[in-house]
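> Before I ask anything, here is the structure I am working with.
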Amino acid sequence: MTLDKNFDPAAIEARWYAHWEQSGQFRPERSEAEPFTIVNPPPNVTGSLHIGHALDNTLQDIVIRHERLKGKDALWVVGMDHAGIATQMVVERQMNEQQQKRTDFTREEFVEKVWEWKEESGGTITGQLRRLGCSMDWSNERFTMDEGMNEAVLKVFVDLYNDGLIYRDKRLVNWDPALKTAISDLEVETVDTKGSFWHFKYPLADGVTLDDGRDYIEVATTRPETMLADMAVAVHPTDERYQSVIGKEILQPITGRRFKIVADEHADPELGSGAVKITPGHDFNDFEVGKRAGFAAGDMLNMLDGEANVCQTSDGLVPDEYIGLHRFKKDGIKGARELVVQQMKEQGFLIPHVSKNKDGEEVEHDAEPRTIATPFGDRGGVVIEPWLTDQWYVDAETLAQPAIEAVKSGAIEIVPKTWEKTYFNWMENIQPWCVSRQLWWGHRIPAWFGPKKDGNRLITDQNNLDGLEIFVAQTEEEAIDLARTYYGPDYSVLSTNDRDIEMPDGMVHVSMDTGSLRSVMIHRDQDVLDTWFSSALWPFGTLGWPEKTKDLERHYPNDLLISGFDILFFWDARMAMQGIKMMGEVPWKRLYLHGLVRAEDGSKMSKSKGNVVDPLGLIDEYGADALRFFMAAMESQGRDIKMDDKRVEGYRNFATKLWNASRFCEANGIGGSTTLAAPEASLPVNRWIISEVVETLASLDKALGDLRFDAAANTIYHFTWDRFCDWYLELIKPVLQGEDAAAADETRAVAGWVLDQIIVMLHPFMPFITEELWHSMAAETGGRNYDLIVAKWPEPKAAIDTDAKAEVDWLIRLISATRTAKVELNIAPGTKMAAHVRDGDSNLQERIARQGSALDRVGRLESFSFDPSPEGATAQIVIDGATYVLPLAGAIDIDAEKARLNKAMEASQKEAKSLSGRLSNPNFIEKAKPEAVEKARADLAEKEAEAERLKAALDRLG
RNA sequence: GGGCGUAUAGCUCAGUGGUAGAGCACUUCGUUGACAUCGAAGGGGUCGGGAGUUCAACUCUCUCUACGCCCACCA
């Protein structure tokens with residue numbers, strides 16, 4: 001006996017993983033084989049393995065191991081994401097701990113430090129993926145900022161720019177004042193927060209009054225501080241109350257700015273007073289209203305700096321006391337919001353909100369309490385400020401069209417299908433994608449800015465887009481070439497990475513006259529690209545694109561992408577768009593979306609709630625195989641997974657069960673089968689189990705093909721435990737220990753083969769224990785020629801043996817019924833009994849003869865007689881057409897047996913009655929499918945016969 | 001305001017147009033050489049409510065209710 005009594009995962013996991021990886025078996029050389037490809041969602045370089053990764057990667061590993069076992073050239077691409085914002089934050093946080101900050105360093109120095117951090121402490125997750133057993137191709141591990149990906153990113157940017165699909169635009173962006181960068185729509189999380197709704201009087205200028213005589217318009221706002229940059233008041237064009245004042249002017253009380261009342265359908269007559277203040281530079285709706293009212297983006301007033309502190313507007317009308325104030329109260333210091341409200345109130349322009357207190361008295365408040373959908377940055381955690389800047393945008397709408405078509409045509413299959421609608425809905429309403437980020441860590445945008453040429457002169461005012469010429473090229477040299485062409489022979493072109501003005505919207509060149517030689521300086525864009533811009537290229541960038549590599553040719557499109565639905569828009573959709581655009585083909589043929597792993601109580605796991613389950617802890621406690629099996633068994637399509645430690649424990653027990661079954665086999669000279677095909681078998685029990693393998697394999701392949709991980713796991717689980725361990729191993733014990741050497745040899749061969757099939761079929765789910773058993777089970781017979789990870793997936797090519805199945809099925813039912821009867825009659829389970837068979841035909845006699853030893857050893861039925869039943873107390877069992885009468889020795893509770901038989905009889909009668917009722921309905925006979933009628937008739941006959949036999953049995957008891 | 005999902009045994013979840021299943025939990029019994037991380041037997045559900053289609057509905061359609069998620073500019 002070489003296997004220990006209990007399976008200890010920790011003792012084997014690290015050993016096998018290292019062996020697989022070192023021997024290069026995660027990507028065996030199979031250049032002739034059909035390729036199969038998955039790319040792993042690149043985890044953040046700052047990340048550590050959380051339970052969601054465990055699910056995501058387990059599913060991928062199951063698929064890739066299955067395909068590898070089927071002989072394919074299975075490639076699982078792996079790598080990490082540079083995670084721009086997250087990584088920069090980590091490094092900055094470390095600097096803060098040492099009383100340093102990013103701006104203490106030059107950009108180059110800082111980026112260098114991030115690289116150092118990445119080399120030293122980044123990527124702990126890759127070690128953790130190994131612990132989970134994931135068989136990725138580490139030999140070609142990638143990084144979204146490695147040389148190849150960098151080239152791919154630059155090329156994509158340049159190509160899209162040249163196609164007009166990337167452009168620079170001045171418009172409102174979601175600005176994160178904590179991180180001081182623009183972010184995309186997807187990175188904004190809208191959260192309902194408690195806020196206030198203030199009502200103000202905006203005085204009409206020039207003595208104008210409303211029809212009702214009032215000399216002001218009432219406006220309401222949740223953001224009073226922005227009134228420092230108000231440029232209009234809008235009313236609905238059909239709003240009768242305001243018809244006479246459209247086009248008239250307002251005199252804003254705090255700034256003294258005069259602006260017009262405009263008609264715009266944005267104003268909702270039902271809401272508040274029906275008039276709304278318009279601040280085009282600080283509100284997305286107002287921006288649109290402002291444009292309709294004729295303001296150019298460059299003329300819209302801006303009153304906030306990058307940290308959301310008040311700055312002077314271009315018209316200089318913001319009072320001095322506001323300059324430098326934060327937008328809101330911060331660190332106990334009054335913000336612009338509070339000061340605006342205070343001043344408006346002091347000057348009598350605040351309309352108080354009146355409500356009744358609990359005593360029914362009217363009370364005045366400054367503002368009406370209100371729930372406000374407030375945008376927060378998903379990383380920085382502060383309120384997003386709509387801010388007017390120049391940024392780079394991807395024309396997502398154009399790119400989305402073929403990506404929509406790909407799903408509609410079936411070129412991409414989304415599994416489960418319910419996600420299609422979400423995908424379409426988002427793609428069809430997609431907005432321009434802001435891809436520039438004001439960070440230091442990331443792919444620097446390959447664009448250089450220089451002054452526009454006006455005739456023979458250069459425009460020196462570079463503070464807006466119109467004065468800038470943009471040169472987009474993959475390299476500085478190419479950019480300079482472009483610039484030379486643009487400026488012509490009169491200028492020499494210099495370039496620089498620096499710039500002399502702070503972000504975000506300063507893009508200033510330096511030009512100089514040096515005597516007779518005129519030179520012009522172009523400088524590179526300071527910004528980097530959104531991390532998701534580079535990860536969108538993952539399916540082809542990792543395969544060598546833009547080089548035309550063999551890998552690219554063989555492995556693009558990928559076969560499958562597995563991802564959580566939470567990154568459907570962030571990543572999957574963008575991969576679809578970029579893949580189709582750059583490669584002309586979809587990135588993957590199937591897209592499988594799984595849900596979230598939730599805490600036991602169903603809540604979302606989060607660090608702040610403290611309910612995060614550490615997958616590594618689970619691996620320590622139960623083993624990686626058990627955790628993986630849990631993930632697979634719980635993964636049903638379209639539903640989240642609730643964490644359940646007891647269930648993980650259950651699959652640990654399953655591993656132990658298989659381990660012990662293997663020990664039994666080992667002790668009986670079973671194991672190390674060398675044949676792929678099922679051995680020849682004559683014994684029904686062996687023919688039966690071979691048939692069971694064939695059926696199990698079919699449903700397992702079906703489930704895996706359909707990406708039904710739960711069904712696949714359950715199939716192999718129940719075959720192993722219920723069929724193989726509980727019945728087959730029990731039924732063969734008498735054969736192995738019997739005198740028929742040929743039968744025992746056959747049984748050892750079959751049992752060894754079946755165990756092999758289990759080990760192979762289970763390997764994608766439980767790679768460690770199966771690899772261990774694969775080798776240890778063959779230790780006695782000379783070992784294996786290859787490791788299980790690259791073994792052959794079963795192809796038994798055996799037919800289903802219906803005779804053997806019927807016989808073993810009968811055997812199992814007879815033994816089970818005997819056990820039940822014993823328990824119900826309070827007979828010790830081990831008691832051996834004799835059976836008298838009524839209505840048994842010759843076929844049954846032969847079965848009983850064949851199965852005599854199993855009936856004796858497993859069923860405790862030591863003898864059978866076909867003589868008339870004995871006198872006295874008996875227990876009676878009806879199986880199929882025969883009744884088995886078991887004489888009971890000693891004092892026996894006749895009433896208990898009567899009750900038992902009665903219960904069984906009633907059950908049969910009830911079913912028979914239901915069936916006959918259905919059959920007596922002419923509509924059923926007429927309209928139901930013939931097979932259904934046929935089956936009902938057969939079932940009825942069987943149930944009636946059974947009921948009769950049970951009645952006869954009852955009658956015999958008197 | 002749209003869109004989606006889920007409601008089946010005490011718990012967590014599968015499931016099929018023809019009278020419901022698993023794991024855990026629970027009850028009873030069990031030290032016969034694979035396994036107590038186990039074995040045997042068992043209890044437990046009018047499949048969220050209502051209506052419709054059908055010979056037949058847990059399964060299809062509609063509707064209601066509850067919970068969850070995503071998207072959306074209501075100041």
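The values are calculated or read from the model by the stated rules, or taken from the named source; none is laboratory data. Computed from a prediction, not measured in an experiment: that's the story for all the values here. Neighbour counts run over all protein chains shown; Cβ positions are idealised from the backbone, glycine included. Heavy atoms of the whole protein, side chains included, go into the accessibility calculation; ligands, DNA and RNA do not. Shrake-Rupley method; radii C 1.70, N 1.55, O 1.52, S 1.80 Å.
> Does any residue of the stretch A:218-232 turn out to be within 25 Å of A:Cys311 (Cα to Cα) and among the acidic types (Asp, Glu)?
Checking the stretch A:218-232: at least one residue is within 25 Å of A:Cys311 (Cα to Cα) and among the acidic types (Asp, Glu).
> If we scan the stretch A:369-379, do we find a residue that is open to solvent by less than 40 Å² (accessible area, probe 1.4 Å), in contact with a Phe, Trp or Tyr (Cβ under 8 Å, 6 or more places away or on another chain), of a type outside the set (D, E, K, R) and farther than 30 Å from A:Ser436 by Cβ?
No, the stretch A:369-379 contains no residue that is open to solvent by less than 40 Å² (accessible area, probe 1.4 Å), in contact with a Phe, Trp or Tyr (Cβ under 8 Å, 6 or more places away or on another chain), of a type outside the set (D, E, K, R) and farther than 30 Å from A:Ser436 by Cβ.
> State whether one or more residues within the stretch A:138-154 are surrounded by fewer than 20 Cβ atoms within 10 Å (Cβ to Cβ), aromatic (Phe, Trp, Tyr) and more than 30 Å from A:Ala297 (Cα to Cα).
Among the residues of the stretch A:138-154, at least one is surrounded by fewer than 20 Cβ atoms within 10 Å (Cβ to Cβ), aromatic (Phe, Trp, Tyr) and more than 30 Å from A:Ala297 (Cα to Cα), which makes the answer yes.
> Might you check whether a residue that is closer than 26 Å to A:Leu468 by Cβ, part of a loop (DSSP other than H, G, I, E, B), more than 9 Å from RNA strand B (Cβ to nearest atom) and open to solvent by 10 Å² or more (accessible area, probe 1.4 Å) occurs anywhere in the stretch A:286-294?
yes
> Scan the stretch A:263-273 and give yes if some residue there is more than 9 Å from RNA strand B (Cβ to nearest atom) and either surrounded by 17 or more Cβ atoms within 10 Å (Cβ to Cβ) or of a type in the set (Asp, Glu) (or both), otherwise no.
Yes, the stretch A:263-273 contains at least one residue that is more than 9 Å from RNA strand B (Cβ to nearest atom) and either surrounded by 17 or more Cβ atoms within 10 Å (Cβ to Cβ) or of a type in the set (Asp, Glu) (or both).
> Considering only residues of the stretch A:593-618 that are more than 15 Å from RNA strand B (Cβ to nearest atom) and touching a residue at least 40 places away in the same chain (Cβ under 8 Å), which is farthest from A:Thr549 (Cα to Cα)?
A:Val612
> Among the numbered criteria (1) over 28 Å from A:Tyr651 (Cα atoms); (2) surrounded by fewer than 18 Cβ atoms within 10 Å (Cβ to Cβ); (3) within 16 Å of RNA strand B (Cβ to nearest atom), which one does A:Lys797 miss?
With (1) over 28 Å from A:Tyr651 (Cα atoms); (2) surrounded by fewer than 18 Cβ atoms within 10 Å (Cβ to Cβ); (3) within 16 Å of RNA strand B (Cβ to nearest atom) applied to A:Lys797, the lone miss is (3).
> Return the pairs, sorted by first residue and then second, in which the second residue is in a helix (DSSP H, G or I) and not hydroxyl-bearing (Ser, Thr, Tyr), the first residue lies in the stretch A:47-60 and is more than 16 Å from A:Leu618 (Cα to Cα), the beta carbons are less than 8 Å apart, and the residues are 6+ apart or on different chains.
The qualifying pairs are A:Gly47/A:His53; A:Gly47/A:Ile125; A:Leu59/A:Met631; A:Leu59/A:Ala632; A:Leu59/A:Phe709.
> Something else: Give me a count of the residues in the stretch A:837-858 that are touching a residue at least 24 places away in the same chain (Cβ under 8 Å) and open to solvent by less than 30 Å² (accessible area, probe 1.4 Å).
Taking the stretch A:837-858 and keeping what is touching a residue at least 24 places away in the same chain (Cβ under 8 Å), we get A:837-841, A:844, A:847, A:850-851, A:853-858.
Narrowing the set further to residues that are open to solvent by less than 30 Å² (accessible area, probe 1.4 Å) leaves A:837, A:840, A:844, A:851, A:854-855, A:858.
So the count comes out to 7.
> Then there is this: Residues of the stretch A:589-634 being out of contact with any Phe, Trp or Tyr (no Cβ under 9 Å at 6 or more places or on another chain) and within 30 Å of A:Glu405 (Cβ to Cβ), which ones?
Result: A:Lys589, A:Arg590, A:Tyr592.
> Just a yes or no: is a residue in the stretch A:55-65 surrounded by 19 or more Cβ atoms within 10 Å (Cβ to Cβ) and within 16 Å of RNA strand B (Cβ to nearest atom)?
yes
> Has the stretch A:633-650 got at least one residue that is near RNA strand B (Cβ under 9 Å from one of its atoms), basic (Lys, Arg), open to solvent by 50 Å² or more (accessible area, probe 1.4 Å) and assigned to a loop (DSSP other than H, G, I, E, B)?
Yes - at least one qualifying residue is present in the stretch A:633-650.
> Mind listing whichever residues of the stretch A:425-473 are open to solvent by less than 10 Å² (accessible area, probe 1.4 Å), at pLDDT below 75 and outside any loop (DSSP other than H, G, I, E, B)?
The answer is A:Gly467, and nothing else.
Quick grid of which residues meet (1) acidic (Asp, Glu); (2) loosely packed, with under 12 Cβ neighbours inside 10 Å; (3) modelled with pLDDT under 95:
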| position | (1), (2), (3) |
| --- | --- |
| A:Thr2 | no, yes, yes |
| A:Tyr17 | no, no, no |
| A:Trp20 | no, no, no |
| A:Ser31 | no, yes, yes |
| A:Thr46 | no, no, yes |
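> Could we say that A:Trp588 is away from RNA strand B (no atom under 14 Å from the Cβ), at pLDDT 95 or above and of a type in the set (Phe, Trp, Tyr) here?
yes
> Give the residue, chosen from A:Lys118, A:Lys101, that is basic (Lys, Arg), over 20 Å from the mean Cα position of the chain (by Cα) and surrounded by 18 or more Cβ atoms within 10 Å (Cβ to Cβ).
On the way: A:Lys101 fails: surrounded by 18 or more Cβ atoms within 10 Å (Cβ to Cβ).
The unique qualifying residue is A:Lys118.
> Now for a separate question. Would you check if there is a residue in the stretch A:651-669 being more than 23 Å from A:Leu729 (Cβ to Cβ) and part of a helix (DSSP H, G or I)?
no
> Restricting attention to the stretch A:907-925, does a residue exist that is aliphatic (A, V, I, L, M), under 19 Å from A:Ala882 (Cα atoms), out of contact with any Leu (no Cβ under 8 Å at 6 or more places or on another chain) and crowded, with 17+ Cβ neighbours inside 10 Å?
No, the stretch A:907-925 contains no residue that is aliphatic (A, V, I, L, M), under 19 Å from A:Ala882 (Cα atoms), out of contact with any Leu (no Cβ under 8 Å at 6 or more places or on another chain) and crowded, with 17+ Cβ neighbours inside 10 Å.
> If you don't mind, another one. Could you list, in sequence order, all residues of the stretch A:130-172 that are more than 14 Å from A:Trp545 (Cα to Cα), part of a loop (DSSP other than H, G, I, E, B) and among the acidic types (Asp, Glu)?
Across the stretch A:130-172, the qualifying residues are A:Asp137, A:Glu141, A:Asp163.
> Of all residues in the stretch A:230-248, which are open to solvent by 50 Å² or more (accessible area, probe 1.4 Å) and not polar (S, T, N, Q)?
If the condition is that a residue be open to solvent by 50 Å² or more (accessible area, probe 1.4 Å) and not polar (S, T, N, Q), then A:Glu240, A:Arg241, A:Ile246, A:Lys248 are the ones that fit.
> Do any helices (runs of 4 or more DSSP H) lying entirely in the stretch A:671-787 carry at least 3 residues that are more than 13 Å from RNA strand B (Cβ to nearest atom), over 20 Å from A:Arg652 (Cα atoms) and open to solvent by less than 10 Å² (accessible area, probe 1.4 Å), and which ones are they?
Numbers: elements: A:684-705, A:709-718, A:729-736, A:741-762, A:767-776.
Here the list reads A:684-705, A:741-762.
> Take A:Phe664 and tell me if it is within 8 Å of RNA strand B (Cβ to nearest atom), among the hydrophobic types (A, V, I, L, M, F, W, C) and open to solvent by 20 Å² or more (accessible area, probe 1.4 Å).
Considered against the rule, which asks whether it is within 8 Å of RNA strand B (Cβ to nearest atom), among the hydrophobic types (A, V, I, L, M, F, W, C) and open to solvent by 20 Å² or more (accessible area, probe 1.4 Å), A:Phe664 comes out as yes.
> I'm checking my understanding of the structure. Among residues of the stretch A:191-211 that are in contact (Cβ under 8 Å) with a residue 24 or more places away in the chain and away from RNA strand B (no atom under 13 Å from the Cβ), which one is farthest from A:Gly247 (Cα to Cα)?
A:Lys201
> Further question on the same structure: When only residues in the stretch A:801-830 that are within 8 Å of RNA strand B (Cβ to nearest atom) and not small (Gly, Ala, Ser) count, which is nearest to A:Ala849 (Cα to Cα)?
Among them, the one singled out is A:Ile815.
> Considering each residue of the stretch A:864-891, count those that are open to solvent by less than 50 Å² (accessible area, probe 1.4 Å) and not aromatic (Phe, Trp, Tyr), and give that number.
Number of matching residues: 17.
> While we're on this one: Among the residues of the stretch A:926-958, count how many are surrounded by 16 or more Cβ atoms within 10 Å (Cβ to Cβ) and free of Cβ contacts under 8 Å to residues at least 12 places away in the same chain.
Residues flagged as surrounded by 16 or more Cβ atoms within 10 Å (Cβ to Cβ) and free of Cβ contacts under 8 Å to residues at least 12 places away in the same chain within the stretch A:926-958 amount to 2.
> Among the helices (runs of 4 or more DSSP H) lying completely within the stretch A:842-958, list those that include at least 2 residues that are hydroxyl-bearing (Ser, Thr, Tyr), within 12 Å of RNA strand B (Cβ to nearest atom) and farther than 30 Å from A:Asp726 by Cα.
Helices (runs of 4 or more DSSP H) meeting the threshold: A:894-919.
> Please state which one of A:Leu811, A:Leu825, A:Leu861 is at pLDDT 95 or above and surrounded by 15 or more Cβ atoms within 10 Å (Cβ to Cβ).
Details: A:Leu825 fails: at pLDDT 95 or above; A:Leu861 fails: at pLDDT 95 or above.
Being at pLDDT 95 or above and surrounded by 15 or more Cβ atoms within 10 Å (Cβ to Cβ) holds for just one of A:Leu811, A:Leu825, A:Leu861, which is A:Leu811.
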